[in-house]
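Structure record follows, encoded as structure tokens.
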Amino acid sequence: MLRRLNYTGRKKIPQAQVGITLRGKEQRTFTVAWKDLKLPESGVVYVEAYSSGSPTVMRFPWGTVGKPFPPSDPVLADVTGDTVSFDLKVVDESESVGRLLGICRGIRPRGPDAAPDETAGRQSLLPVNPIDLGDEVWRVTFMHDRPWLDVNNRIPGIMDIVRSDARFFALVFPAVIRRVLIHVVIVDEILTAEDDATDWQSLWLRWGIYWHPDNADPPDGEEDVVGRLSWIDDVAESFCKRHTVAAKLLEAMQPEGASR
Amino acid sequence: MNASLRRLTGAGLDRFGAYLIDLQADKSLAAPNSLLFDKAYSEQVQGGGTVEEVTLRTKNDAAVYLHRLLGGMKPDDIDRDVGLWSWLALYYFEQVCPVELGKRDPHKPPRYIFEPLNHQRRYRHVLWTPYWILRVMPDHNRIYLNESLTVHGDLVEQTLSRLVNVLRLQGFREVVDLLYFNEETGTYKRGTLSRKRRGSLWPRLVTRVRQLSLTYDVAAMDGPQIIEALGEEFSGWVGSHGA
């Protein structure tokens, strides 16, 4: 079983303490602000930008914790795709190899109209990325150390469908839950989640335990793949039951104006 | 003959795909070159360059040439263009699937007809893959590119789709080159892909680098620094020891 160890005192920076604002469409730039990092003033800050569908990560030096010094032109030229996420790293560079003092992963940027004191976009468990998927409607991908729901941008209004169509919700999300949890508890074998862990596997595992009918951890027997699959089924079933998924699908399938 | 860059249309892809299936049964079939410039089966690529009669012996030859040819186009568009890559494979078919003793030795269709949306099979394309490797690995790429264009290879098949997130780290690329490239044979060392051998590229190096990234700013580390941090497990691969 894999466990996450933190021997070095690396600090997880809450997303509420970092704000990133995205500007522009054709030429996207961004600004970064942080508060109360509780890290040494001399810690060197780097901001890394990436998106699903692109292998590229752009890295921007941003001065130090005590003295931010943004680059003059932080353009996201090499990061393609509509859904951009950021990591902010604080590094101790006093020795030849930089050590991480703190890190905030998966920051979703705000739009340019956000209030100045609004915190960063909450880290989504499953960011949605509209891209050209050819003849597929949706797909789960694992890029930049997190799962993404890719949806086909050839379908008009696909983002609205994802947000509010009961049929899409009923037919897609239970399958997505299974796909992601299989990755967490069978592929990556993450079976326990520390309370303060913010890596995506721990977030999803805690989410699964929350939805499990007995709030149970997945079985941790070394070869108990069948038991883990059963645990995943229980989570998906519980999720569907709580959201009355089948009933909502039936309702959505009724012809408009038909009486029930 | 130099010619303007084109892409196969849907009808062209169908015909090329049918040919590749027939070729499995009759390995002496001539390539359907008539598709290349017939407007019913192909169309010109706006903003594309001019294809040349070049000799592409290695993947590196192809990668360098294709970057020159496609330099004016957006990588995002290029990476999704099924017709473009399939047309290029057909245009250079005598080189990517050569006739030897009157017969070809064809791979399966994804080697020639690009499948950009399949995360496993897209790395099988004979021309897109070298092009993509050079883009993602601008340095320390010889372990992937120093090979005949006609060979697909286990290294590409087994590692590319899994390494996509770590290959962007310059230090990681340098580590791969320092540990697993065999200077004498010009290819990767025996055991590089072995699950049983300590310190193999897949899965051990990838796992260990991910662990290091929890402690160190790996993006700023060079190859020797990463190797030192990796510890004893990988020491057997340094220099010619692992060959």
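Here are the numbers for this structure:
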{"read-out": "Linear extension gain, B:S34 paired with B:N2, 0.36 nm per residue minus alpha-carbon span", "value": "10.0 nm"}
{"read-out": "Rough spin-label spacing in nm, given labels placed 7 Å along Cα→Cβ, for B:E228 and B:R197", "value": "2.6 nm"}
{"read-out": "Sparsely packed GluC sites (Glu not before Pro) within the range B:168-241, loop by DSSP, other Cβ within 10 Å at most 16", "value": "B:E183, B:E184"}
{"read-out": "Rounded accessible area of B:F37 (nearest 10 Å², 1.4 Å probe)", "value": "90 Å²"}
{"read-out": "Pairwise FRET efficiency - A:R59 versus A:Q27, Cβ, R0 = 22 Å, nearest 0.05", "value": "0.75"}
{"read-out": "Qualifying trypsin sites (Lys or Arg not before Pro) for the range B:164-211 [loop in DSSP, other Cβ within 10 Å: at most 11]", "value": "B:R195, B:K196"}
{"read-out": "Total lysine pairs whose alpha carbons fall under 27 Å of each other in the range B:1-117 (8 or more apart, or interchain)", "value": "8"}
{"read-out": "Net charge of Cβ neighbours under 13 Å - reference A:E95; Lys, Arg +1; Asp, Glu -1", "value": "-3"}
{"read-out": "Gain upon complete extension [A:E41, A:D78; 0.36 nm per residue less C-alpha separation]", "value": "10.3 nm"}
{"read-out": "Cleavage-rule hits, GluC sites (Glu not before Pro), the range A:200-258, DSSP coil, Cβ neighbours within 10 Å at most 12", "value": "A:E222, A:E223, A:E256"}
{"read-out": "Cβ neighbours within 10 Å from other chains - mean over B:217-230", "value": "3"}
{"read-out": "Chain B - Rg (one decimal) and Dmax (whole number), Cα, Å", "value": "19.7, 61"}
{"read-out": "Built amide H within the under 5 Å cut-off of A:W138, gap 5+", "value": "none"}
{"read-out": "Length-normalised contact order for chain B - Cα pairs under 8 Å, 6+ apart - percent", "value": "17 percent"}
{"read-out": "B:R68-B:T185 FRET efficiency (beta carbon distance; Förster radius 35 Å; 0.05 resolution)", "value": "0.75"}
{"read-out": "Centroid-to-centroid separation of the range B:166-243 and the range B:44-70 [C-alpha atoms, Å]", "value": "31 Å"}
{"read-out": "Proximal lysines to A:K89, defined as alpha-carbon separation beneath 17 angstrom and excluding residues fewer than eight positions away on the same chain", "value": "A:K11, A:K12, A:K35, A:K38, A:K67"}
{"read-out": "Karplus (6.51, -1.76, 1.60) ³J(HN,Hα), θ = phi - 60°, over the range A:237-246, in Hz, Gly and Pro reported as x", "value": "5, 4, 4, 5, 5, 4, 9, 6, 4, 5"}
{"read-out": "Peptide ranges A:26-32, A:101-107, B:21-27 listed from the most packed, as the mean C-beta count within 10 angstrom indicates", "value": "A:101-107, A:26-32, B:21-27"}
{"read-out": "Environment charge at B:V176 (Cβ cut-off 12 Å; Lys +1, Arg +1, Asp -1, Glu -1)", "value": "0"}
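The values are calculated or read from the model by the stated rules, or taken from the named source; none is laboratory data. Computed from a predicted structure; not experimentally measured. Ideal geometry is used to build each Cβ from the backbone, glycine not excepted, and the neighbour counts take in all protein chains shown. Quick note on the areas: whole protein, heavy atoms, side chains included, nothing else; ligands and nucleic acids left out. Shrake-Rupley method; radii C 1.70, N 1.55, O 1.52, S 1.80 Å.
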